[in-house]
1. Exactly one of (1) over 26 Å from Val320 (Cβ atoms); (2) within 31 Å of the chain's Cα centre (by Cα) is unmet by Ile221. Its number?
2. What are the residues in the stretch 363-393 that are among the β-branched types (Val, Ile, Thr) and modelled with pLDDT of 85 or more, if any?
3. For Glu288, work out the one condition from (1) touching a helix residue (DSSP H, G or I) at 6+ places or on another chain (Cβ under 6 Å); (2) of a type outside the set (Gly, Ala, Ser); (3) more than 29 Å from Gly373 (Cα to Cα) it doesn't fulfil.
4. For the stretch 236-244, state whether one or more residues are touching a helix residue (DSSP H, G or I) at 6+ places or on another chain (Cβ under 8 Å) and open to solvent by 40 Å² or more (accessible area, probe 1.4 Å).
5. Looking only at the stretch 32-69, how many residues end up being in contact (Cβ under 8 Å) with a residue 60 or more places away in the chain, of a type outside the set (Lys, Arg) and within 30 Å of Phe97 (Cβ to Cβ)?
6. Return the residues of the stretch 105-135 that are of a type in the set (A, V, I, L, M) and either open to solvent by less than 40 Å² (accessible area, probe 1.4 Å) or outside any helix (DSSP H, G or I) (or both); say none if nothing qualifies.
7. Hey, could you check the stretch 336-354 for residues that are touching a residue at least 12 places away in the same chain (Cβ under 8 Å) and in a strand (DSSP E or B) and say which is farthest from Val409 (Cα to Cα)?
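The values are calculated or read from the model by the stated rules, or taken from the named source; none is laboratory data. Quantities reported herein were computed from a predicted structural model and do not represent experimental measurements. Reconstructed Cβ throughout: ideal geometry from the backbone, glycine too, with neighbour counts over all protein chains shown. Please note that ligands, DNA and RNA were not included when accessible areas were found on the heavy atoms of the full protein model with its side chains. Shrake-Rupley method; radii C 1.70, N 1.55, O 1.52, S 1.80 Å.
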Amino acid sequence: MLALIALHGALVACEFSLVKLRYSLADATALATARKSRRVAKVLDEPDQVARGIRFGLRFCATAVGAVAAMVVHGAFGHWPGMTGVEAEIWIAAGIFIAVVLALYLLGDLMPRGVALARPYATLRATSTFALLFTVLSIPVRRGLRGISQWLFRKAGVEVRQDFNLLDVEVQMRAMGEEDQALPPFLRGILANTLRSRDFKLADVLVPRHQIVFINLAGDIAASLEAARISGHTRFPLCDGDLDRCLGLIHIKDLYRLSATADKLDLRPLKREMLRLPQTEPLPVALEKLLRQKMHMALAVDEFGGVTGIVTLERLIEEVVGDIQDEFDSGEEKLIKHLPEGRGFRISGLAPLRDVEEALGVIINNTEIATFGGLVTSELGRIPATGEHLILPEPRLDVVIEEADARRVIAATVRKVT
């Protein structure tokens, strides 16, 4: 039993040391030294898989400790001096149960956790073997159980994301932050958003190509400048015909300094460099690149180099800290609005699909489309007309187009079909 409790403690220590190293400001030199161990490097490079293996191992150890305790209780019956019958069984079982729970909590959880948070490098080196062992051995069992759980969820008509590791990390990070003082809810939200941002790509947050206001050197410069003025933005791509021929970036303050008339303007000398990023770039990587190069806007491109949209520094930061609004944004309409009397939701065509999933409690299996309007257009193969009614097949959504123009879906009323 002591061996099982010790193994439980090793897995707890490995889990907390892993969280401490991956999600705190770890010393780069010490981390590089720790990575010299192949076992430690594998644990750090595959945290999600290892976390699943650790969770399986913890449940195995706890169950095994309970089984051993039951055998100890059974073997103790009839051997306790001065007590016989039911009274002896109750007192023996209660005593052994309390002793096992206290030992498991103290030696198998509390102390390993404290050691891991205090000395994460040494702890991870000492315990990584056990974590990797359970990770490998539990793969067939975990796959089988995941398949069974998904089948049961489908039978029950429940759509569930298998995303439990993120929750574990969030809870444990919160626990580490609360050792000295409680984290305010606002900071907890930022922490959760930061961890969640690893699962998103630029395609999830970009402004679609057809919504971009740009200055076209091959067209009417005066009309482009007027459109830029009306838009209220401060930065605009400078293009020679279309966005695929983007030459750079123009800032609105540079235009105000010009004294020449529109037909005599030469904007090429004013252009600044504009970063191009693949639309599959993870959000944290894109944010780091924009900050490092001191840029506020970048073009998102597909695998062929075509421009699919733009992404701004403000939009990436909003993914972490929430919406950033100033006095000019106060009148912005919500992209997703719940309608009364069970009429569903009014959803803007610009609403990101992941926000639609969260609001409606559904899963949309489409990684190529970023917005709800794009999803409707993709399903139909055309731009729908105002008033048109359709049923999206998966997930089953009843959609009525409230407003659309020749280029895009502006808004729709959406209900889940049960």
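1. It fails just one condition, (2).
2. Those that are among the β-branched types (Val, Ile, Thr) and modelled with pLDDT of 85 or more: Val376, Thr377, Ile383, Thr386, Ile391.
3. (1)
4. No, the stretch 236-244 contains no residue that is touching a helix residue (DSSP H, G or I) at 6+ places or on another chain (Cβ under 8 Å) and open to solvent by 40 Å² or more (accessible area, probe 1.4 Å).
5. 10
6. Ala116, Leu117, Leu124, Ala131, Leu132
7. His338
Each row is one residue, and each column tells you yes or no for (1) over 26 Å from Ala131 (Cα atoms); (2) open to solvent by 50 Å² or more (accessible area, probe 1.4 Å); (3) modelled with pLDDT of 80 or more.
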site: Ala3; (1), (2), (3): no, yes, yes
site: Gly9; (1), (2), (3): no, no, yes
site: Val40; (1), (2), (3): no, no, yes
site: Val50; (1), (2), (3): no, no, yes
site: Thr63; (1), (2), (3): no, yes, yes
site: Gly66; (1), (2), (3): no, no, yes
site: Val73; (1), (2), (3): yes, no, no
site: Ala99; (1), (2), (3): yes, yes, yes
